[in-house]
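Q: Quick one: the structure is below, questions incoming.
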């Protein structure tokens with residue numbers, strides 16, 4: 001083999017690697033976006049449930065206006081955002097935290113907890129939250145795989161060349177974690 005053939009082979013190999021790396025990054029980005037769309041479906045169901053939940057709580061705990069207002073404001077903020085960006089994730093986390101505080105207030109109203117409509121809404125919310133948690137785990141796994149590929153050598157050169165950047169995870173804030181992991185009160189009698 002002469003020098004020009006070797007150079008051509010090296011160029012072809014480098015070009016082949018660049019194409020493979022680029023296509024992998026595109027596929028991982030699409031997997032991440034698809035994972036967020038799964039979360040998005042659940043988040044929209046939660047968003048649709050919020051007004052009914054607020055109205056039910058308002059009937060029993062109307063003087064808890066500040067918390068009801070925060071839930072309503074958080075819901076409105078979510079409605080203004082879209083996609084899988086940090087603004088959307090922050091708005092959803094804010095709504096989750098506000099819902100957690102709303103549910104903590106509901107604990108103080110035994111007649112509210114006994115209300116059939118409230119119990120049904122709580123069961124639906126619990127189901128949706130479990131689905132969101134599962135979808136969030138998948139999304140964060142896809143985000144982790146994407147971010148790792150963007151940062152690994154030598155793919156990081158291809159990523160930088162084509163504008164691929166690390167993406168944020170969908171984190172749960174401390175207030176939402178506390179609400180999700182709260183042990184329910186069990187009373188016999």
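Q: Report, by residue number, each residue of the range 100-118 that is assigned to a helix (DSSP H, G or I) and touching a residue at least 60 places away in the same chain (Cβ under 8 Å).
A: 100, 101, 103, 104, 117, 118
Q: Out of all the residues in the range 2-18, is one or more without any contact (Cβ under 8 Å) to a residue 60 or more places away in the chain, touching a helix residue (DSSP H, G or I) at 6+ places or on another chain (Cβ under 9 Å) and surrounded by fewer than 17 Cβ atoms within 10 Å (Cβ to Cβ)? Steps first, answer last, please.
A: Let us first name the residues in the range 2-18 that are without any contact (Cβ under 8 Å) to a residue 60 or more places away in the chain, namely 2-16.
If we keep only those that are touching a helix residue (DSSP H, G or I) at 6+ places or on another chain (Cβ under 9 Å) as well, we get none.
No: zero hits.
Q: For the range 47-90, what are the residues that are within 23 Å of residue 143 (Cα to Cα) and touching a helix residue (DSSP H, G or I) at 6+ places or on another chain (Cβ under 6 Å)? Give the steps one after another, and end with the answer.
A: Keep residues of the range 47-90 that are within 23 Å of residue 143 (Cα to Cα), which gives 78, 81-90.
Within the range 47-90, 78, 81, 84 qualify.
Q: Now, a different point. Which of the residues spanning the range 81-99 are crowded, with 18+ Cβ neighbours inside 10 Å and assigned to a helix (DSSP H, G or I)? Let's see the steps before the verdict.
A: From the range 81-99, those crowded, with 18+ Cβ neighbours inside 10 Å are 84, 88-89, 91-99; that's our starting set.
Within the range 81-99, 88, 89, 91, 92, 93, 94, 95, 96, 97, 98, 99 meet the criteria.
Q: Check the range 73-80 and report whether any residue there is crowded, with 16+ Cβ neighbours inside 10 Å and under 26 Å from residue 156 (Cβ atoms). Don't jump to the end; show me each part of the working.
A: To start, the set of residues in the range 73-80 that are crowded, with 16+ Cβ neighbours inside 10 Å comprises 74-75, 77-78.
With the extra rule that they be under 26 Å from residue 156 (Cβ atoms), the set shrinks to none.
No: the range 73-80 contains no residue that is crowded, with 16+ Cβ neighbours inside 10 Å and under 26 Å from residue 156 (Cβ atoms).
FYI, it's all coordinate maths here, none of it is from the lab. Just so we're clear, the structure is a prediction, and the values are computed from it rather than from any experiment. Methodologically, a virtual Cβ is constructed for each residue, glycine included, from the backbone with ideal geometry; neighbour enumeration extends over all protein chains shown.
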